[in-house]
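Taking it in order: structure first as structure tokens, then the write-up.
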Amino acid sequence: MKAKREDIGLYELERQLAAGDFAPLYLIVGEEAVLRDDAVAAIRAAVLGLDEANIGVFNSDVVYGDETEAAEILTFCGSLPLFATRRLVVVKEVGGLRAHETERLLPYLKEPVETTCLVLTGGKVDGRLKFFQALKQVAVTVACAPLDARALPAWVQDQAGVLGLRLDEAARALLIEASGGDLGVLCREMEKLAAYVAPNTRVTAADVEAVQGADTGGSVHDLIDALQRRDRAGSLRFLGKVLDAGEPPLRVLGFLVACWRNMWRARKFSEEMLRDFELFRETDSRLKGGGGGRRKERLEMERLALKLCRGAGRATPSRPFASAR
């Protein structure tokens, strides 16, 4: 029997991809969803390139294990790339594939299509199934377990650099402490910071506190009130509470649009409201465009909130404010 491949981590995957070492099969598995998303994004960038001609849409397919069948996956894998050398097929939540469907994928593992990169990803898989046993023999397995406390500071610093944030030591420590080591929370808070501070400005603990959610509850009406007062920190807090309570971003956007329309009908309009309606339209388009999942949707709403409060002072007035980007 062929020896099982050794699992690798995200950094080793990125190193291999940078060296042009591609595999036809990847299994990205582990509890840490952020690391799984990063691994898929790294493979996508390596396989499809910069995609300046925007042809990636013709050369990539994404399906979910609990919503697809083996035949659909095999059809995607068997398609030839269009104006490119490779195609990318991603199966998310692969553990949701029904057992009899995994059996139908077994032959593909022996002879994968050379021009297709098949990525299977999920929080966990059933190692008792023949398919996953065989997959681990032939695929590059990227392990995405939660980071330990020693690795978190370096990870936060790396992510901050990608977002253009210059975190001081106190800000970094507060981010880690407040998140409890949850990478999803850390990403969300740093994305808010990137929209909140001026580019190339040192980020302090005061900035972290300004964008953090409060422990008190909040409603859509609280959010609207904060937006109308141009309370940037309050708007982010109440928006976070509303989204955490399960309100879909599109529904929240609908509430905001309805409120602004009511003000317009009450003849409380202004030139700024025309700008606001354009922001609503752009956000609606991005939310309906899909891709990126809940993190992207939340970030779009947070950017909208900050742009609606444009012109308001910061919680730390000694520092310059830049428009949300």
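Just a few scattered comments:
- In whole percents, the pair-distance distribution calculated for region 84-235 from its alpha-carbon pairs, binned every 5 Å from zero, is 1, 7, 14, 14, 10, 10, 10, 11, 9, 7, 5, 1, 0.
- Computed on the Cα trace of the chain, the radius of gyration divided by the Kirkwood hydrodynamic radius gives Rg/Rh = 1.02.
- Ratio of Rg to Rh for region 81-161: 1.08 [Cα atoms; Kirkwood radius as inverse mean 1/r over pairs].
- Per-residue extension of 0.36 nm, minus the Cα-Cα distance of GLU282 and ALA198, leaves a gain of 28.0 nm for this segment.
- Accessible area per residue in Å² at 1.4 Å probe, computed on the chain: 52
- Viscosity 0.890 mPa s, 25 °C: Kirkwood-radius Stokes-Einstein D of region 172-277 over Cα pairs, µm²/s: 161
- Within the assembled protein chains, the solvent-accessible surface assigned to TYR64 is about 90 Å², based on a 1.4 Å probe.
- Cα gyration tensor, region 132-173 - rounded (a/c under 1.5), prolate or oblate: prolate
- D_trans [Stokes-Einstein, Kirkwood Rh over alpha-carbon pairs] for region 14-103, 10 °C, 1.306 mPa s, µm² s⁻¹: 112
- With each label modelled as a point 7 angstrom along the Cα→C-beta vector, the ARG251-ASP225 pair spans 2.2 nm.
The values are calculated or read from the model by the stated rules, or taken from the named source; none is laboratory data. In this text the structure is predicted, and so the values were computed from the model without any measurement. All Cβ positions, even for glycine, are placed from backbone atoms using ideal geometry, and neighbour counts span all protein chains on display. Keep in mind that these areas ignore ligands, DNA and RNA; they rest on the heavy atoms of the full protein, side chains included. Shrake-Rupley method; radii C 1.70, N 1.55, O 1.52, S 1.80 Å.
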